[in-house]
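Comments concern the structure below.
All of the numbers you see were taken from the coordinates with simple rules; none came from a lab. Everything quoted here is computed from the prediction, not taken from an experiment. No Cβ is skipped: glycine too gets one built from the backbone with ideal geometry, and neighbour counts run over all protein chains shown.
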Ligand SMILES: NC(=O)c1ccc[n+]([C@@H]2O[C@H](COP(=O)([O-])OP(=O)(O)OC[C@H]3O[C@@H](n4cnc5c(N)ncnc54)[C@H](OP(=O)(O)O)[C@@H]3O)[C@@H](O)[C@H]2O)c1
């Protein structure tokens with residue numbers, strides 16, 4: 001199997017390359033060699049003759065998307081349409097990464113794949129458009145909705161908290177948004193499992209169990225040997241960010257379980273594994289936390 005990855009230098013992309021290598025030939029592409037906003041990317045993608053494209057490239061700064069909606073739509077919606085057209089040209093399957101932010105969080109219990117998406121913000125709307133392009137254009141497709149992604153590479157909440165602790169900042173974190181933190185390495189393994197089983201369709205895939213951002217931060221502090229009692233709580237209203245976020249966007253991994261696949265490990269276990277991997281990294285880049 002020949003697999004092309006878009007966004008191969010993102011936090012998920014760097015985990016996808018080694019996770020997918022046992023399945024065949026893996027071609028990792030970046031914005032430098034396959035910019036999905038370039039109309040020619042349809043032909044360039046087709047010329048790579050993939051069997052599957054794993055499309056992880058996106059604009060993922062949720063507040064940035066709110067401030068620059070055109071950019072969000074150009075990359076996440078139109079860019080995905082181009083990737084799907086490239087797949088259609090050569091009969092390739094498209095695996096698209098989507099988000100819990102396609103939901104408004106008002107359901108009050110976890111969302112299954114059969115729930116209707118109602119995004120609250122531009123990022124969620126742009127990703128939902130990407131889902132629609134994937135379904136309508138790709139000859140075969142997998143859509144994975146995931147949430148609260150973090151890994152050893154790139155910027156994410158875990159590294160932001162560690163950076164602030166290192167800088168001696170007082171920390172307050174929102175406790176009125178609940179989700180399922182998901183380790184990029186576990187998600188990359190889940191992508192490999194779906195492709196190796198020949199499955200298609202829509203899947204919610206996250207680490208098991210859920211928590212608030214506050215609970216998540218507490219566990220980061222506890223596992224990294226800092227004092228969690230110094231952590232304060234705040235509300236989303238107090239934080240007042242550009243984009244609204246869903247209050248309760250837990251994704252039930254219903255289709256995954258129905259396919260007989262093993263649940264991903266609970267998020268605290270995955271977090272401990274990520275922190276261990278981070279400690280064994282030769283040197284953390286000073287720019288790798290916000
Ligand atoms: N992060 C989360 O919490 C989260 C949650 C749910 C779903 N997801 C989805 O999961 C996927 C992977 O997320 P991630 O956290 O790994 O994202 P990420 O670290 O931001 O990586 C995205 C990659 O896409 C690249 N990219 C941006 N514009 C591009 C363009 N025009 N052409 C080609 N590449 C472009 C970025 O390059 P530059 O860095 O050079 O811009 C970056 O390498 C995304 O589809 C995202 O929407 C993420």
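Identify, by number, the condition in (1) near the ligand (Cβ under 10 Å from one of its atoms); (2) closer than 25 Å to residue 255 by Cβ that residue 8 doesn't meet. So the condition that residue 8 fails would be (2).
Can you say whether residue 22 is within 20 Å of residue 150 (Cβ to Cβ) and surrounded by fewer than 18 Cβ atoms within 10 Å (Cβ to Cβ), as far as the supplied structure shows?
Against the criterion (within 20 Å of residue 150 (Cβ to Cβ) and surrounded by fewer than 18 Cβ atoms within 10 Å (Cβ to Cβ)), residue 22 does not qualify.
Filtering segment 150-183 to residues that are under 14 Å from residue 275 (Cα atoms), within 14 Å of the ligand (Cβ to nearest atom), touching a helix residue (DSSP H, G or I) at 6+ places or on another chain (Cβ under 8 Å) and not in a loop (DSSP other than H, G, I, E, B) leaves 150, 157, 158, 159, 182, 183. Inclusion of residue 202 among residues that are part of a strand (DSSP E or B), more than 13 Å from the chain's Cα centre (by Cα) and closer than 30 Å to residue 135 by Cβ is warranted. Listed by position, the helices (runs of 4 or more DSSP H) contained in segment 24-125 that have at least 1 residues being more than 27 Å from residue 236 (Cα to Cα) are 41-47, 80-90. For residue 66, the conditions (1) without any contact (Cβ under 8 Å) to a residue 60 or more places away in the chain; (2) more than 7 Å from the ligand (Cβ to nearest atom) all hold with the exception of (1). Being more than 19 Å from the chain's Cα centre (by Cα) and outside any loop (DSSP other than H, G, I, E, B): is that true of residue 19 here? When the stated conditions are applied, residue 19 does not pass them. Answer yes if at least one residue in segment 32-54 is within 15 Å of the ligand (Cβ to nearest atom), at positive phi and touching a residue at least 40 places away in the same chain (Cβ under 8 Å), and no otherwise. Within segment 32-54, none of the residues are within 15 Å of the ligand (Cβ to nearest atom), at positive phi and touching a residue at least 40 places away in the same chain (Cβ under 8 Å). Within segment 177-188, residues that are over 10 Å from residue 149 (Cβ atoms) have Cβ atoms under 6 Å from residues that are part of a strand (DSSP E or B) in these pairs: 178/212; 178/248, counting only partners at least 6 apart in sequence or on another chain. Hey, can you tell me all the residues within segment 94-110 that are touching a helix residue (DSSP H, G or I) at 6+ places or on another chain (Cβ under 7 Å) and either at positive phi or away from the ligand (no atom under 12 Å from the Cβ) (or both)? The one that is touching a helix residue (DSSP H, G or I) at 6+ places or on another chain (Cβ under 7 Å) and either at positive phi or away from the ligand (no atom under 12 Å from the Cβ) (or both): 94.
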